[in-house]
1. Put one equal scatterer on each alpha carbon of segment 192-289, apply the Debye formula with no solvent term, and list log10 I(q)/I(0) at q = 0.10, 0.11, 0.25 1/Å to two decimals.
2. How big is the Rg/Rh ratio for the chain, C-alpha atoms only, Rh by Kirkwood, two decimals?
3. Roughly what % of Cα-Cα distances in segment 286-330 sit above 12 Å, to the whole percent?
4. Just in segment 339-391: which trypsin sites (Lys or Arg not before Pro) are loop by DSSP and have at most 12 other Cβ atoms within 10 Å?
5. Let me know the Kirkwood hydrodynamic radius for segment 337-425, please, with Cα pairs as the basis and the value in Å to one decimal.
6. Projected area of segment 71-222, taken from the Cα convex hull and averaged over every viewing direction, in nm²?
7. Which percentage, to the nearest 5, of the DSSP beta bridges contained in segment 239-363 is antiparallel?
8. Run through segment 143-178 and list the trypsin sites (Lys or Arg not before Pro) located in a DSSP loop whose Cβ has at most 11 other Cβ atoms within 10 Å.
Amino acid sequence: MRGIKPLLGWLAAIGLFASASADLASYVNAPSPFEWSKTLESKIGESNFVELTLISQKWREFTWRHRLRIVKPRNPKHTDTAILYITGSGDGRRELELMARVLERVGAIGAILHDVPNQPLFRPDLVEDNLIAHTYVQYWETGDPTWPLLFPMVKSAVRAMDAIQQFAQREWNIAIKDFLITGASKRGWTTWLTAAVDKRARAIAPMVFDNLNFFKQMPHQLELWGRYSEQISEYYTRGLMEKMFTERGRQLVSWVDPYFYRARYTMPILIINGANDAYWATDAAQFYFDDLPSQRKYALYVPNGGHSLGDYTRVVHSLAAFYLMSIGKLEFPSPLKASYSVVGDEVIYRVRSDKEPELVQVWVARRKDDKDFRPARWEPVRAHKEGNQWVARIPRNGDNLALFAELTYRAETGNFSLCTIPVIVAK
């Protein structure tokens, strides 16, 4: 647990663990306007899709409206478990195309929930992180527990699942039981929290939110870089990094940090991140991944992809395979095990998998004078099998190194990748 036990004990003592889920769940379950109507029917590739207008709730003075696009492939084979992708603003054409690719590969029904959050709100510049941070300040100043924007964002996802189930039953006579939930950035954050309060989350694939365990992540950024990421300036310029260590700030963190719900994450998990993501420390997952109780937890890191990931083929193939694994139609390896040792001027990196991969390579990034690997270029080093493990030998050359292994496996839906958690080897 890396020294966090005293802090967690203190938080438990003042009741934060008990109140965390209670406040989020009570908001999600509270009565609120909910309705949907069909506004469009069309096709994307070989799939049909419908667009619903969804009213998920009234939050403060705002009625939240969303576009909800439900996609049914030509030959749906797996209808018990649907895929829900949570996204934000924009026309959503790219998301629709990528979702259709995944669904055609696996034969599942899927949906894209747009407009999470509804934005801008209150004034024109309050969107995305700026809007979330604004609501945190409002909570900190007023103590009103309905202020944090993640609450209505989660409720949007819960209401979307309600609408998808109702529509599929009514229009197609299909009974959807549960969901693989995914989304990126703030919607990846929403994915984690939705799974904490809704048992229909059969599996989750949160993308580019490599930030669980706030009380460890923020000091670690200062340790690595001497400053917080510029990408989260909306929070630290409002003083929220300092405020989170007040009593009210700790309460807020307990509501919105998925780490506080970690005991609930027993479902299959695939975290999908960009190795160059400017928001987070390269080795951020060290502060939460091992603490997740899921026996089927995996990671995919896209080298040189950044916060936008970039390599969508890699993501599509791995997400499709993960879906099939989560419904029992594809065998995954046990969670990967990796270790390294430093011998002279060489790092020896070892990884084990109980399922034979097609390819194993270790991705390496270098920094001469610092440990900020966000602008670094990742290069692959081929690993070779030695006994029951794959081994790569990387010369240090006087550099700070960041490393993770990518293992590629064969599947009918397209070869997919799983990765180990990145580590930093300081010189």
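Computed from the coordinates by the stated procedures, all read-outs in this text should not be read as laboratory data. Here the structure is a predicted model, which is why all the values come from computation and not from measurement. Glycine gets a Cβ as well: all are built from the backbone with ideal geometry, and neighbour counts include every protein chain shown.
1. -0.29, -0.35, -1.43
2. Reported Rg/Rh (Cα atoms, Kirkwood Rh): 0.96.
3. Here the long-distance tail beyond 12 Å is 69 percent of all Cα pairs in segment 286-330.
4. Taking segment 339-391 and a limit of 12 other Cβ atoms within 10 Å, the loop trypsin sites (Lys or Arg not before Pro) found are LYS368, ARG377.
5. Values: mean 1/r = 0.0737 Å⁻¹.
Averaging 1/r across every pair of different Cα atoms and inverting gives 13.6 Å.
6. On the way: hull surface 42.6 nm².
For segment 71-222, averaging the hull's shadow over all directions gives 10.7 nm².
7. Around 55 percent of the beta bridges assigned by DSSP in segment 239-363 are antiparallel ones.
8. Working: sites: LYS155, ARG159, ARG170, LYS177; in loops: LYS177.
In loop regions of segment 143-178 (DSSP not H, G, I, E or B), the sparsely surrounded trypsin sites (Lys or Arg not before Pro) are LYS177.
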